[in-house]
């Protein structure tokens, strides 16, 4: 058939039809087949384009991030530093669940974030409590999420942390390292924010009756590391962690059997089993104090035991004083 390849189908019925032409002599029979040629749909009838379901522009940001993470794991296209810190894994897998605790469960309020340097190294020294060291994890979230530069806190942990299967490996990958001066100084010299909790197990394992009373700060090794690297020391006071697991007892024989510093007894654990391990939803405050400078001391003063003792005591008193101030203004354990 000659003519256009896009023939139109003429409707036989319907409104708006112009007056029919005079019938021709050879009109087709009613039972004769009708051949219709395809026509191009009008703009009104043409279906809208459906965007690709896997387009990066249409997927939620969290899903795009997860797919990118999986791809990098499968291809091996990711990096870790000399301490084993995996930044991508930390931001994709570790921080989101901790952030839910931080924002929804403990409702943490961070104060004095402006005292954290925008760049360069600093040593954050905090009180330790809570029976289980969730305070260290919440401090890491505060540093990352509240700081404009979203910096990562490189915590110094006890050797027990790195001996526990899976926990030790995850701690390494999330930026933690062994609490020793050599590692601390290397991190500080490379410009990292380093966190230390000098009370150690004496702090997190103290009884509920001693809450918010700082324990001994050891021999001041953290001060020596700060002096050798010339970085500021930032006191950090945490209110709210003491009440998440009120420790009212300690099963020492069981602790020795398991190789633990203590086996806590709380009003809910071990009486309620796994349910008793759920922390109480207390209201938290994390306050970063005024930095204490160390760069004004001469190199020969670094090994002066009196200077180390004086600075250690200054940091401890700063944290204790801030704790008492926060507690005096607190409306309640759960309201804050």
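Within the stretch 130-170, the set of residues being touching a residue at least 12 places away in the same chain (Cβ under 8 Å), more than 21 Å from residue 263 (Cβ to Cβ) and over 12 Å from the mean Cα position of the chain (by Cα) comprises 147, 148, 149, 154, 155, 156, 170. Residue-level check: of (1) touching a helix residue (DSSP H, G or I) at 6+ places or on another chain (Cβ under 9 Å); (2) closer than 26 Å to residue 159 by Cα, residue 292 misses just (2).
Taken together, the residues in the stretch 266-292 that are assigned to a strand (DSSP E or B) and surrounded by fewer than 18 Cβ atoms within 10 Å (Cβ to Cβ) amount to 1.
Applying the selection to the stretch 293-313, what residues are within 36 Å of the chain's Cα centre (by Cα) and either part of a loop (DSSP other than H, G, I, E, B) or under 14 Å from residue 123 (Cβ atoms) (or both)? Hits for the stretch 293-313 are 293, 294, 295, 296, 297, 302, 308, 311, 312.
Filtering 223, 231 for residues that are modelled with pLDDT of 95 or more, more than 23 Å from residue 91 (Cβ to Cβ) and over 21 Å from the mean Cα position of the chain (by Cα) leaves a single hit, 231.
Per-residue answers, yes or no, for (1) in a helix (DSSP H, G or I); (2) surrounded by 19 or more Cβ atoms within 10 Å (Cβ to Cβ); (3) modelled with pLDDT of 95 or more:
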residue: 141; (1), (2), (3): yes, yes, yes
residue: 155; (1), (2), (3): no, yes, yes
residue: 160; (1), (2), (3): yes, no, no
residue: 191; (1), (2), (3): no, no, yes
residue: 214; (1), (2), (3): no, yes, yes
residue: 219; (1), (2), (3): no, no, no
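Are any residues in the stretch 74-98 under 19 Å from residue 162 (Cα atoms) and assigned to a loop (DSSP other than H, G, I, E, B), and if so, which ones? Within the stretch 74-98, 80, 81, 82, 83, 84, 85, 86 qualify. Of all residues in the stretch 81-96, those that are within 13 Å of residue 154 (Cβ to Cβ) have Cβ atoms under 6 Å from Cβ atoms of residues that are modelled with pLDDT under 95 and exposed (fewer than 15 other Cβ atoms within 10 Å of the Cβ), 6 or more apart or on another chain, in 86/80. Can you confirm whether residue 231 is touching a strand residue (DSSP E or B) at 6+ places or on another chain (Cβ under 6 Å) and touching a residue at least 12 places away in the same chain (Cβ under 8 Å)? Spelling it out, residue 231 is indeed touching a strand residue (DSSP E or B) at 6+ places or on another chain (Cβ under 6 Å) and touching a residue at least 12 places away in the same chain (Cβ under 8 Å). Being out of contact with any helix residue (DSSP H, G or I) (no Cβ under 6 Å at 6 or more places or on another chain) and assigned to a strand (DSSP E or B) is the filter here, so list the residues in the stretch 235-250 that pass it. Passing the criteria: 236, 249, 250. Determine whether residue 238 is modelled with pLDDT of 95 or more, within 19 Å of the chain's Cα centre (by Cα) and over 24 Å from residue 79 (Cα atoms). Spelling it out, residue 238 is indeed modelled with pLDDT of 95 or more, within 19 Å of the chain's Cα centre (by Cα) and over 24 Å from residue 79 (Cα atoms).
The values are calculated or read from the model by the stated rules, or taken from the named source; none is laboratory data. Since we're looking at a predicted model, the values are computed, not measured. Neighbour counts are summed over all protein chains in view; Cβ atoms, including those assigned to glycine, are modelled from backbone coordinates with ideal geometry.
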